[in-house]
Amino acid sequence: MKFRIERMTDAEFRNLNIYYGFYDTPLGEMLIASTSRGICCIEFADNHVEALQLLCKRFSKSSLLLQHTAFHSMVLQFFSEVAEDCSCEIIFHLYGTDFQIEVWGALLEIPVGKISTYSDVARAINKPRALRAVGTAIGRNPVAVLIPCHRVLRSDGGIGGYYWGIEKKKMILEWERIYKKRV
């Protein structure tokens, strides 16, 4: 499976239809949201109301529509055992600064089952001294699991933070470790 980021323009961001749904995955319930051009958000949705509120906050100038799309199906395929064999490409249609998009793109280069550090990511984007900015950009990643911010640990080997909590981060890393053994 391949991934590609397309940057959302300011004009697009102010006038979107966001299609979303709640889906059961091996990692728990998730809210998956897309525009007509690609995935724009994936959130853990242990609480549907809170997840929907967060989506509304992220896209306050948009219309939200409860509707399944082909993009959602591709994300669900990612969680299946045949994801490695899939030749499809998931497009992320994301709103962020050039720096954030660059950091999120670097995260996509970290292979399943591998880990990286904030320093590694900063070096990957040729900004080795921008550790704090890299950490902030990673923390603002709107796409759980597929843009793998969970694969970034502290340089001292510590787990670091995670928007959805340390236990979720550990769970995802363990799931990937087990998954990698199967493929």
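For the range 174-181, the criterion of being in a helix (DSSP H, G or I) and crowded, with 18+ Cβ neighbours inside 10 Å is satisfied by at least one residue. Within the range 158-178, residues that are on the phi > 0 side of the Ramachandran plot reach partners that are assigned to a loop (DSSP other than H, G, I, E, B) and modelled with pLDDT under 95 with beta carbons closer than 9 Å, at six or more positions or on different chains, in the pairs 160/154. Taking the criterion of being outside any helix (DSSP H, G or I) and surrounded by 18 or more Cβ atoms within 10 Å (Cβ to Cβ), the residues of the range 102-116 that qualify are 110, 116.
Being over 26 Å from residue 132 (Cα atoms), within 16 Å of the chain's Cα centre (by Cα) and among the β-branched types (Val, Ile, Thr) is not true of residue 42. Among the residues making up the range 126-156, those that are buried (at least 18 other Cβ atoms within 10 Å of the Cβ), assigned to a loop (DSSP other than H, G, I, E, B) and not small (Gly, Ala, Ser) are 141, 142, 145, 146, 147, 148.
Taking the criterion of being of a type in the set (S, T, N, Q), under 23 Å from residue 150 (Cα atoms) and surrounded by fewer than 18 Cβ atoms within 10 Å (Cβ to Cβ), the residues of the range 7-58 that qualify are 47, 53.
The values are calculated or read from the model by the stated rules, or taken from the named source; none is laboratory data. These numbers come from a predicted model, not from an experiment. All Cβ positions, glycine included, derive from the backbone under ideal geometry; neighbour counts span all protein chains shown.
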